[in-house]
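Notes follow the structure.
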Amino acid sequence: MRDIGEISLYLGAMDPVLGEAHTVSAPASAASGSPQTGATVDLFGYRFHTGPAAALVAAVAARRDGRPRMIVTANVDHIVQLSENALFREAYARAAARTLDGMPLVWLARKACGQPVHRITGHDLLGCVLADPPAYAQRVFFVSARQDAADALATRLQAAGLPAGAVASAVPPFGFEHDAAYSRALAERIRAHGTTLLVMGVGAPKSEIWVDRHGQTLGEPVVFCVGDALNVAAGFLPRAPRLMQRLGLEWIYRFLQAPRRLFRRYFIKSWRFVGLALRDRRGRRAG
């Protein structure tokens, strides 16, 4: 990435999700913290895990933080939203681990560290538990945008060996994150279930902020914030072909599935990422 022209090429294959995080008002140890095992890279004021998904999840599950152990998967849109949303920055800073989901972030990380960098998406996190649920996924709770998707994944987990009562779900109403009474009841229900793995499939930044805000009530579950990956895993949304994924063109496939919803994200807001990436690069060079 020698100049803005090169960054523009990255944006041509962008999966929006990164936002500037230089202004996070958290201790440096919290903002840069990561699991103690595996390689990491510092970008946009955060430390990102760059190793395989299974190693990351195992390291997070082995921790005891006295609060939810949340894993967030950063893309270009996240980075842009982080530059605008203080609550989102706080949730990111307190996450147990952060991964690189969007390909532009993976490319930037490879430039920054000169080492192999794994892309870890919500699909990868779910892949760690659906076929053979490990110890940290013995009591699962899905917060989903669709009941049929949550039910389909519950059926998969039961087929993989979990008893029926081990999987629960909720489909919160639109705007639930602003409803204090509903949110409190939902958090209490998640804890009463004995949840060891909480899967948030209602999008960013509401998933991350909600978990961070209600952490004291939720207990200590491992938390995956996976967005639409939940619906993909359930079979209700298609995913881009593997070649498009490898070339960083998955965003085009997503846009074609929901052009009205995603036009502003991909073609207007995402251009802010160019400036954020250049600023982060200059900051790292100066440091």
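The values are calculated or read from the model by the stated rules, or taken from the named source; none is laboratory data. All of these numbers come straight from a predicted model, not from anything done at the bench. When we count neighbours, we look across all protein chains shown, and the Cβ atoms used for this are built from the backbone with ideal geometry, even at glycine. Note: areas computed on protein heavy atoms with side chains; ligands, DNA, RNA excluded. Shrake-Rupley method; radii C 1.70, N 1.55, O 1.52, S 1.80 Å.
One table, with the values for the structure above:
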{"quantity": "Breaking point among (1) farther than 29 Å from Leu256 by Cβ; (2) touching a residue at least 12 places away in the same chain (Cβ under 8 Å), for Ala204", "calculated": "(1)"}
{"quantity": "Residue list for region 255-268, filter: surrounded by 15 or more Cβ atoms within 10 Å (Cβ to Cβ) and free of Cβ contacts under 8 Å to residues at least 40 places away in the same chain", "calculated": "Phe255, Leu262"}
{"quantity": "Yes/no for Ile209 being within 20 Å of Val72 (Cβ to Cβ) and in contact (Cβ under 8 Å) with a residue 60 or more places away in the chain", "calculated": "yes"}
{"quantity": "Those residues of region 178-236 which are among the aromatic types (Phe, Trp, Tyr) and part of a helix (DSSP H, G or I), in sequence order", "calculated": "Tyr182, Trp210"}
{"quantity": "Top-ranked residue in region 68-115 [being in a helix (DSSP H, G or I), in contact with a strand residue (DSSP E or B) (Cβ under 6 Å, 6 or more places away or on another chain) and of a type in the set (Gly, Ala, Ser); ranked as farthest from Gly215 (Cα to Cα)]", "calculated": "Ala112"}
{"quantity": "Residue list for region 89-120, filter: of a type in the set (Phe, Trp, Tyr) and crowded, with 23+ Cβ neighbours inside 10 Å", "calculated": "Tyr92"}
{"quantity": "Where Ser183 falls short, out of the listed (1) open to solvent by 20 Å² or more (accessible area, probe 1.4 Å); (2) of a type in the set (Gly, Ala, Ser); (3) free of Cβ contacts under 8 Å to residues at least 60 places away in the same chain", "calculated": "(1)"}
{"quantity": "So Val171, is it open to solvent by less than 30 Å² (accessible area, probe 1.4 Å), in contact with a strand residue (DSSP E or B) (Cβ under 8 Å, 6 or more places away or on another chain) and not acidic (Asp, Glu)", "calculated": "no"}
{"quantity": "Test result for Trp271, of a type outside the set (Lys, Arg) and open to solvent by 40 Å² or more (accessible area, probe 1.4 Å)", "calculated": "yes"}
{"quantity": "Conditions (1) closer than 25 Å to Glu188 by Cα; (2) in a helix (DSSP H, G or I): number failed by Arg156", "calculated": "(1)"}
{"quantity": "Members of region 125-136 found to be among the aliphatic types (A, V, I, L, M), in contact with a helix residue (DSSP H, G or I) (Cβ under 8 Å, 6 or more places away or on another chain) and either over 9 Å from Thr196 (Cα atoms) or open to solvent by less than 10 Å² (accessible area, probe 1.4 Å) (or both), listed by number", "calculated": "Leu125, Leu126, Val129, Leu130"}
{"quantity": "Criterion (surrounded by fewer than 20 Cβ atoms within 10 Å (Cβ to Cβ) and in a loop (DSSP other than H, G, I, E, B)) met by exactly one of Asp148, Asp42, Asp65", "calculated": "Asp65"}
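Results for (1) closer than 23 Å to Leu82 by Cα; (2) open to solvent by less than 20 Å² (accessible area, probe 1.4 Å); (3) modelled with pLDDT under 95, shown as yes or no for each residue.
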{"site": "Arg191", "(1), (2), (3)": "no, no, no"}
{"site": "Leu197", "(1), (2), (3)": "no, yes, no"}
{"site": "Ala204", "(1), (2), (3)": "yes, no, no"}
{"site": "Val211", "(1), (2), (3)": "yes, yes, no"}
{"site": "Val222", "(1), (2), (3)": "yes, yes, no"}
{"site": "Cys225", "(1), (2), (3)": "yes, yes, no"}
{"site": "Ala229", "(1), (2), (3)": "yes, yes, no"}
{"site": "Val232", "(1), (2), (3)": "no, no, no"}
{"site": "Gly235", "(1), (2), (3)": "no, no, no"}
